[in-house]
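Here it is, the structure in full.
The values are calculated or read from the model by the stated rules, or taken from the named source; none is laboratory data. These figures come from a predicted structure and were not determined experimentally. When we count neighbours, we look across all protein chains shown, and the Cβ atoms used for this are built from the backbone with ideal geometry, even at glycine.
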Amino acid sequence: MILKVVKYGDPRLRAKGARIESITPAIKALIADMFETMYAARGVGLAAQQVGHALQLTVLDVRAVPDRPSTLQLDGKETDPNTFMPLVLMNPEIKPLSEAVLGPEGCLSFPEVYADINRPETIAVKAMNERGEKIEFTCGGLLARAIQHETDHLHGLLFIDRMDRKTKLELQDDIDLIAADTKAMLKNSAKS
């Protein structure tokens, strides 16, 4: 089922996610719905907060963006990241392994807003997958950027929080418009 993507201005985007301790039927259903929602919106990542759930759960799939390569190492060996997709991460922990670099980002919760964001190029990731197994890997490129972006969501952080001042000022009108539309929609739905 395609879920409604929460837009900026909705307080649920700032909610810190609760840890997931077990894979329940409800979690399995949410994962399936999140993938369907992400693919329908043509995204490469989606966090539970973006569909109104304060959980440490994100889904990712970078295969649709071949012009922004990713790297992946499993057990110290280079692996094709596409064979690792689609990817479910629960309770992810990330550790930067390199200097930060500027790179383009967008967000399904900020339609048509794009900016260059400074993030480490390579990261180490520890998480639980959809089968409840612990997974560990190192990644770079788009996959690393997407995981960092989605992990921020799980802690109530948004990519606008990572924008430099000049960029945010340039985009402020667009950001304010999204927030105003969202707040008006929330107000109208509260009246219904």
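Kindly check whether there is at least one residue in segment 50-69 that is of a type outside the set (Ser, Thr, Tyr) and in a helix (DSSP H, G or I). Before you say what the answer is, go through the steps one by one.
Initial filter on segment 50-69 (of a type outside the set (Ser, Thr, Tyr)): 50-57, 59-69.
Filter once more, keeping what is in a helix (DSSP H, G or I): 50-51.
Yes; the residues of segment 50-69 include at least one that is of a type outside the set (Ser, Thr, Tyr) and in a helix (DSSP H, G or I).
Going residue by residue through segment 52-66, is there one that turns out to be on the phi < 0 side of the Ramachandran plot, basic (Lys, Arg) and in contact with a helix residue (DSSP H, G or I) (Cβ under 7 Å, 6 or more places away or on another chain)? Before you say what the answer is, go through the steps one by one.
Step one: filter segment 52-66 for residues on the phi < 0 side of the Ramachandran plot, giving 53-66.
Now narrow it down to the ones that are basic (Lys, Arg): 63.
Among the residues that remain, those that are also in contact with a helix residue (DSSP H, G or I) (Cβ under 7 Å, 6 or more places away or on another chain) are: 63.
Yes - at least one qualifying residue is present in segment 52-66.
Please go through (1) farther than 30 Å from Ile23 by Cα; (2) without any contact (Cβ under 8 Å) to a residue 60 or more places away in the chain for Ile160 and return the number of the only condition it doesn't satisfy.
Ile160 satisfies all of (1) farther than 30 Å from Ile23 by Cα; (2) without any contact (Cβ under 8 Å) to a residue 60 or more places away in the chain except (2).
From the list Leu89, Leu72, Leu57, which one is of a type in the set (A, V, I, L, M, F, W, C), in contact with a strand residue (DSSP E or B) (Cβ under 7 Å, 6 or more places away or on another chain), surrounded by 15 or more Cβ atoms within 10 Å (Cβ to Cβ) and closer than 30 Å to Asp174 by Cα? Show your work before the answer.
Values: Leu89 fails: closer than 30 Å to Asp174 by Cα; Leu72 fails: closer than 30 Å to Asp174 by Cα.
Exactly one residue qualifies, and that residue is Leu57.
Same structure again: Hey, among Ile2, Ile23, which residue is free of Cβ contacts under 8 Å to residues at least 40 places away in the same chain and assigned to a loop (DSSP other than H, G, I, E, B)? Even if it seems obvious, please write down each step before you answer.
Numbers: Ile23 fails: free of Cβ contacts under 8 Å to residues at least 40 places away in the same chain.
Of Ile2, Ile23, the one residue that is free of Cβ contacts under 8 Å to residues at least 40 places away in the same chain and assigned to a loop (DSSP other than H, G, I, E, B) is Ile2.
Oh, and also: Spot the failing condition for Lys126; the list is (1) crowded, with 17+ Cβ neighbours inside 10 Å; (2) free of Cβ contacts under 8 Å to residues at least 60 places away in the same chain, and only one is missed.
Here Lys126 meets the rest and fails (1).
List every residue pair whose Cβ atoms lie under 6 Å apart, where the two residues are 6 or more positions apart in sequence or sit on different chains, the first residue falls within segment 163-192 and is under 30 Å from Ala100 (Cβ atoms), and the second residue, located anywhere, is among the small types (Gly, Ala, Ser) and loosely packed, with under 10 Cβ neighbours inside 10 Å.
Hits for this filter: zero, empty list.
Does Met34 satisfy being in a helix (DSSP H, G or I), modelled with pLDDT of 95 or more and in contact with a helix residue (DSSP H, G or I) (Cβ under 9 Å, 6 or more places away or on another chain)?
Details: in a helix (DSSP H, G or I): yes; modelled with pLDDT of 95 or more: yes; in contact with a helix residue (DSSP H, G or I) (Cβ under 9 Å, 6 or more places away or on another chain): yes.
Against the criterion (in a helix (DSSP H, G or I), modelled with pLDDT of 95 or more and in contact with a helix residue (DSSP H, G or I) (Cβ under 9 Å, 6 or more places away or on another chain)), Met34 qualifies.
Can I ask one more? Across segment 134-192, which residue is nearest to the chain's Cα centre (by Cα) among those that are within 20 Å of Ala48 (Cβ to Cβ), of a type in the set (D, E, K, R) and in a helix (DSSP H, G or I)?
Glu150
Within segment 56-101, can you find the residues that are closer than 16 Å to Thr138 by Cβ and acidic (Asp, Glu)?
Result: Asp75, Glu78, Asp80, Glu93, Glu99.
Which residue, of Val65, Val59, is modelled with pLDDT under 95 and either under 30 Å from Thr182 (Cα atoms) or aromatic (Phe, Trp, Tyr) (or both)? It would help to see each step written out before you state the result.
Details: Val59 fails: modelled with pLDDT under 95.
Every option except Val65 fails the conditions.
Go through (1) more than 15 Å from the chain's Cα centre (by Cα); (2) surrounded by 17 or more Cβ atoms within 10 Å (Cβ to Cβ); (3) more than 28 Å from Thr24 (Cβ to Cβ) and name the single condition Val101 misses.
Unmet for Val101, out of (1) more than 15 Å from the chain's Cα centre (by Cα); (2) surrounded by 17 or more Cβ atoms within 10 Å (Cβ to Cβ); (3) more than 28 Å from Thr24 (Cβ to Cβ): (2).
Is it true that some residue in segment 102-114 is touching an Asp or Glu at 6+ places or on another chain (Cβ under 7 Å) and over 30 Å from Leu177 (Cβ atoms)?
no
Considering (1) surrounded by fewer than 20 Cβ atoms within 10 Å (Cβ to Cβ); (2) over 24 Å from Pro69 (Cβ atoms); (3) of a type outside the set (S, T, N, Q), say which one Glu121 fails and leave the rest.
Among (1) surrounded by fewer than 20 Cβ atoms within 10 Å (Cβ to Cβ); (2) over 24 Å from Pro69 (Cβ atoms); (3) of a type outside the set (S, T, N, Q), the lone unmet condition for Glu121 is (2).
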